[in-house]
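> Got a structure here, written out as structure tokens. Questions coming.
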Amino acid sequence: MSATTQTPIIPIRSSSEPPQVIAPDAETIFATRAQRFEQLAEGHSLGDWLRFLAAITRAQHAALQSLPALALPDANQLARAREHRMPPLPAQSWPRDPLWQTSLRRIAAAIADVAPEPARKDLARLAGYDSERIEALAERVLHTELYGDDVALLPYVAAALQVLWTAGAARLGAKHISTLDVPGVCPCCGFLPVASVVRGGGEVGNLRYLHCALCNTEWNLVRVKCSSCNATEGISYRHLEAEGLQGTDAVRAETCDSCKSYLKIVYTEKGPVDPVADDLATLALDILVDEAGYARSGPNLLLVPGG
Ligand SMILES: [Zn+2]
Ligand SMILES: [Zn+2]
């Protein structure tokens, strides 16, 4: 093309331009997820476990509603984070408010009566730990060291940390969260995504958003791209129905042949879905892609690894 025929590219920014970042809604995020867990539990072979997860998520909702307004980074700190393209509430270094341990105690108390027997024992053990020991468990969650002693306690600790970070992300709002140079980590907290969501309508129609496993912030990533290594070739999709198993094509595993990783995608056009709940209701898909040689690139913090 010659210079004379080139049309200048004028960036158009209208109010209908889809957002790059979507902050969580503190009033609905956990309540909606709890409903989805209940719905998925119906007739599911892991129904009891999914109902227990619904109870945990309802407890997260209650804990979040009772959390006082958190201290957030000030204008200077936010400007610095933006300038250095760093997340404003980094999982590994944001000085977390000790109130998160109050959330943990509230969640543990709320689920004590409905917990299955092994979980009851875990919760009793957790109740006996001092705050220093609990902070050490939090460090493991926030550094994704999801193995070793007390691994069964980590989902409860993570549930309370999700409450704190979600409160922070919601209070900060999308206007204070800028996309980073590394598209595979959360622009709010730097944590890994639990899954992708492809939204079916409105201003974000058919766009893919990665959903943070810790703070529930979502950020845009083009479709058919590996969130772990950025590869755009060798990407495939697998779902349970296609494999002749009971399941839904609303949840697919996006596998990458370049780095041999995968992450699930949930499609909202097929009905109500939740990246955390639908991920856990399709563990058969994890087994399938794991056997095919792919490793998961982001954790679901409510799952006991190997449990
Ligand atoms: Zn996050
Ligand atoms: Zn990859």
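The values are calculated or read from the model by the stated rules, or taken from the named source; none is laboratory data. Note that this is a predicted model, so its numbers are computed, not measured. For neighbour counting, all protein chains shown are included, and Cβ atoms are generated from backbone atoms with ideal geometry for every residue, glycine included. With ligands, DNA and RNA removed, areas are computed over all heavy atoms of the protein, side chains included. Shrake-Rupley method; radii C 1.70, N 1.55, O 1.52, S 1.80 Å.
> Just give me the residues in segment 221-249 being at pLDDT below 90, in contact with a Gly (Cβ under 8 Å, 6 or more places away or on another chain) and open to solvent by less than 40 Å² (accessible area, probe 1.4 Å), in sequence order. If you could, list the steps in order and put the result at the bottom.
Residues of segment 221-249 at pLDDT below 90: 239-249.
Retained after the next criterion (residues that are in contact with a Gly (Cβ under 8 Å, 6 or more places away or on another chain)): 239-241.
Selection gives H239, L240.
> In segment 161-179, which residue that is open to solvent by less than 30 Å² (accessible area, probe 1.4 Å), of a type in the set (A, V, I, L, M) and over 17 Å from L99 (Cα atoms) is nearest to ligand 1 (Cβ to nearest atom)?
Ranking the candidates gives I177 first.
> Do you know which residues across segment 231-264 are away from ligand 2 (no atom under 14 Å from the Cβ) and aliphatic (A, V, I, L, M)?
Selection gives L240, A242, L245, A250, V251.
> Shifting gears a bit: Can you tell me how many residues within segment 244-302 are within 16 Å of ligand 1 (Cβ to nearest atom) and in a strand (DSSP E or B)?
Number of matching residues: 1.
> Being of a type in the set (A, V, I, L, M, F, W, C), touching a helix residue (DSSP H, G or I) at 6+ places or on another chain (Cβ under 8 Å) and within 16 Å of ligand 1 (Cβ to nearest atom) is the filter here, so list the residues in segment 64-85 that pass it. Steps first, answer last, please.
Kept after step one, since they are of a type in the set (A, V, I, L, M, F, W, C), are these residues of segment 64-85: 64, 67, 69-72, 75, 78-79, 81.
Cutting the leftovers down to touching a helix residue (DSSP H, G or I) at 6+ places or on another chain (Cβ under 8 Å) gives us 64, 67, 69-70, 72, 78.
Within segment 64-85, L64, L70, L72, L78 meet the criteria.
> Just wondering, is there one or more residues in segment 82-97 that are outside any helix (DSSP H, G or I), under 15 Å from G190 (Cα atoms) and among the charged types (D, E, K, R)? Lay out the reasoning, then the answer.
If we filter segment 82-97 for residues that are outside any helix (DSSP H, G or I), which is where we start, we get 84-97.
Keeping just the survivors that are under 15 Å from G190 (Cα atoms) gives 84-96.
Restricting the remaining residues to those that are among the charged types (D, E, K, R) gives 85, 96.
Yes, because at least one residue in segment 82-97 is outside any helix (DSSP H, G or I), under 15 Å from G190 (Cα atoms) and among the charged types (D, E, K, R).
> In segment 58-77, which residue that is of a type in the set (G, A, S) and surrounded by fewer than 20 Cβ atoms within 10 Å (Cβ to Cβ) is nearest to P155 (Cα to Cα)?
The selected residue is A62.
> Next question. For segment 265-303, which residues satisfy the criterion of being among the basic types (K, R) and under 17 Å from V198 (Cα atoms)?
Filtering segment 265-303 for residues among the basic types (K, R) gives 270, 296.
The one that is among the basic types (K, R) and under 17 Å from V198 (Cα atoms): K270.
> Related question: Quick one: how many residues across segment 201-220 are buried (at least 22 other Cβ atoms within 10 Å of the Cβ) and not hydrophobic (A, V, I, L, M, F, W, C)? Lay out the reasoning, then the answer.
Looking only at segment 201-220, we keep the residues that are buried (at least 22 other Cβ atoms within 10 Å of the Cβ), and these are 209-219.
Those still in the list that are not hydrophobic (A, V, I, L, M, F, W, C) too: 209, 211, 216-218.
Within segment 201-220, residues that are buried (at least 22 other Cβ atoms within 10 Å of the Cβ) and not hydrophobic (A, V, I, L, M, F, W, C) number 5.
> Identify the residue in segment 135-160 that is part of a helix (DSSP H, G or I) and over 17 Å from I56 (Cβ atoms) and, among all such residues, is least open to solvent (accessible area, probe 1.4 Å). Step through it out loud before you land on a result.
Filtering segment 135-160 for residues part of a helix (DSSP H, G or I) gives 135-142, 151-160.
Checking which are over 17 Å from I56 (Cβ atoms) leaves us with 135-136, 139-140, 142.
Numbers: E135: 50, A136: 55, E139: 68, R140: 48, L142: 2 Å².
Once the filter is applied, the top-ranked residue is L142.
> Pick out the one residue from A55, A41 that is crowded, with 17+ Cβ neighbours inside 10 Å, at pLDDT 95 or above and touching a Leu at 6+ places or on another chain (Cβ under 9 Å). If you could, list the steps in order and put the result at the bottom.
On the way: A55 fails: touching a Leu at 6+ places or on another chain (Cβ under 9 Å).
Just a single option satisfies the conditions, and that option is A41.
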